[in-house]
Amino acid sequence: MAKTVRAGEDKFRNLVERITDGFIALDKNWNYVYANQRIGELVHRPAESLIGKNVWEEFPDAVGSATYEAFHQAMREQRYVSNIDYYAPLNLWQENHIYPSPEGLSVFIRDITEQKRAEQAIRESEETRRQIMNSALDAIICVNRDNQIIVWNRQAEKIFGWKAEEVLGKLLTETIIPPRFREQHIRGFARYLETGEGPLMNKLVEVTGLNRDGQEFPVELSIVSLRDRKQELLCAFIRDITERKQAQEQLSKSYEQLRELANHLQTVREKERASIAREIHDELGQQLTGLKLDVSWLHKKVPEEQREIKDKISDVLALLDDTIRTVRKIASELRPSILDDIGIVEALEWQSKEFERRSGIRTVFRSALEGLRLPDDKAIAIFRIFQESLTNVARHASATAVHSSCQERNGKLVLTISDNGQGLDPKKIENGKTLGLLGMRERAQMIGAEFEIRSESGKGTTVCVSVPI
């Protein structure tokens, strides 16, 4: 009989020593009757040193704890009780399964410290994520594959007006998407679920949002696909760009007003130049011509024998001729009369010849058009662009030849000026910061013309202007 009992005890001992949980047996006075080796590992002392000792005396900090109450409840009610508790002196989270009998308790103790640490890390991570999301400057809204809102941060509340508890679980089409875009959104979302691709995915785009008051406003958003522990999320990072759009609109208006002012000043200046040119040509030119006639009359009246006086008058006549030519040159530069008298093509051809005569650079102008009349603003703008292009060639290109043409193409007048010079710095063309280029570009825009500059280092420059006629 004794052998049978010992055999049973040995079998029980082998069983409880093999399990991964700690195991203790207490008598009804709370004294240890048995403790397996795992218990020794948990309390950092030999398990056999606990035998016969009172559990509350060995671990006094447990008195009054949840474990203390659970042990007493199991003995008092004689039923199974379980609990989870933290014992600070051992830095131990324990899960207790307590089985009572009239003689005492059998308790399986599982160390769940690592599990609790992991849960705490997750909670801290979730809290950190929540704080980051709520402190973000952008609204962050995430939906699941059913298009239900499951994340709605504080900035989303501020931008759209709904509190998180009002929208969580609702569809996007019930909240922030304007009615006129909802069908398009539904189709796009279905296409993403089917293909994994969407026109708004992983891009920064501008769209229209809807707030709680039913007001539409511009937003900038990017959408990314994220995956948490359970499901795929589509998260939108949204920024209200109403103020930026208003600033852009105001800037655009200011820019347009400046262009209108510049256009007006340009028109006024051209009118003044035309007026001054006419005054110089008509008034000063006529006076100089009259003066020349009078001096010529004096020259004829002076006898030949008064050679000194006659030579002096000849010098005066030569000076008058030079002065008349200078006056005509100034008048032509201010406003070529040929531009008003004949037309733009003839004025460009005249300017081309004048440029060749003054600069010594071979200049060829070709056009099959004759007598083409343009509105005054377009004609003078085209002529000034042509003048400025030739001036740039003379100043900067180091060219030996210029070829230009004026053609009608698809209802447009196309002026092209090409040189064989050293070319322009591409950065200057791209930035358009040189006054000459900027002036030509502005003149073209004022008359609704297209303006293009092509240049390559060592291969010259081409200017092309295309204006509707």
- Message: At R0 = 56 Å, how high is the FRET efficiency between Leu372 and Lys203 if r is their beta carbon distance? Nearest 0.05 is fine.
- Response: 0.70
- Task: In debye, nearest 20, what is the charge dipole magnitude of the chain about its Cα centre with +1 on Lys and Arg Cβ and -1 on Asp and Glu Cβ, if you could check?
- Result: 780
- Note on the structure: Taking N as the number of residues in the stretch 247-335, the ratio of its alpha carbon radius of gyration to 2.2 N^0.38 Å works out to 1.95
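May I have the convex hull volume per residue, in Å³, for the Cα set of the chain? Intermediate results must be reported in sequence, preceding the final value.
Details: hull volume 149.9 nm³, N = 469.
In the chain, the Cα convex hull volume per residue is 320 Å³.
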- Query: How much length, in nm to one decimal, is gained on full extension between Asn134 and Lys53, taken as 0.36 nm per residue of separation minus their Cα-Cα distance?
  - Reply: 23.8 nm
- Among Met75, Ile342, His97, the residue whose Cα sits farthest towards the positive end of the charge dipole of the chain (+1 at Cβ of Lys and Arg, -1 at Cβ of Asp and Glu, taken about the Cα centre) is Ile342
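Using the 2.2 N^0.38 Å rule of thumb for compact globular proteins, work out how the stretch 124-240 stacks up: its C-alpha Rg over that value, please. Provide the component values of the computation, followed by the final result.
Numbers: Rg = 13.5 Å, N = 117, 2.2 N^0.38 = 13.4 Å.
Scaled against compact globular proteins, the figure is 1.01.
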- Message: If I take every Cα pair under 8 Å that is 6 or more residues apart in the chain, average their sequence separation and divide by the length, what percent do I get for the relative contact order?
- Response: 6
- Relative to the present Cα-Cα distance, how much length would full extension add between Phe217 and Glu119 at 0.36 nm per residue of separation? 31.1 nm
- Could you give the nm distance between label points at Gln287 and Asp322, where each point is 7 Å from its Cα heading toward the beta carbon? 2.0
- Query: Under the rule that a partner needs its Cβ under 4.7 Å from the first Cβ, which Cys of the chain have none?
  - Reply: Cys406, Cys464
- Taking the dipole of the chain about the Cα centre (Lys, Arg +1; Asp, Glu -1; charges at Cβ), the one of Thr461, Pro218, Asn36 that reaches farthest to the positive side is Thr461
- Query: How do Met440, Met75 line up, fewest other C-beta atoms within 10 Å first?
  - Reply: Met75, Met440
- Task: Mind jotting down the distance between the C-alpha centroids of the stretch 179-237 and the stretch 383-420, whole Å?
- Result: 51
- Provide the gained length on full extension for the span Ala190 to Lys412, in nm with one decimal, where the gain is 0.36 nm per separating residue minus the Cα-Cα distance. 75.2 nm
- Put a dot 7 Å past each Cα toward the Cβ at Thr267 and His44; how far apart are the dots in nm? 9.3
- So what is the 222 nm mean residue ellipticity for the chain from helices alone, if each DSSP H run of at least 4 adds -39500 (n - 2.57) and you divide by all residues, rounding to the nearest 500 deg cm²/dmol? -16000 deg cm²/dmol
- Query: How high is the FRET efficiency between Asn29 and Lys230 when r is their beta carbon distance and R₀ equals 41 Å, given to the nearest 0.05?
  - Reply: 0.25
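Going through the cross-link list Lys301/Lys329; Lys203/Lys245; Lys329/Lys378; Lys310/Lys353; Lys271/Lys312; Lys163/Lys230, which pairs have a Cα-Cα distance over 29 Å in this structure?
Values: Lys301/Lys329 32 Å; Lys203/Lys245 19 Å; Lys329/Lys378 23 Å; Lys310/Lys353 37 Å; Lys271/Lys312 41 Å; Lys163/Lys230 25 Å.
Pairs exceeding 29 Å: Lys301/Lys329; Lys310/Lys353; Lys271/Lys312.
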- Item | Degrees separating the helix 344-359 axis from the principal Cα axis of the chain, which is the longest one | 80
- Rounded to 0.05, the calculated FRET efficiency for the beta carbons of Ile276 and Lys300 at R₀ = 35 Å is 0.50
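Just so you know, all these numbers are worked out from the coordinates, no wet-lab data involved. Because the structure is predicted, anything quoted here is derived from the model rather than measured. Reconstructed Cβ throughout: ideal geometry from the backbone, glycine too, with neighbour counts over all protein chains shown.
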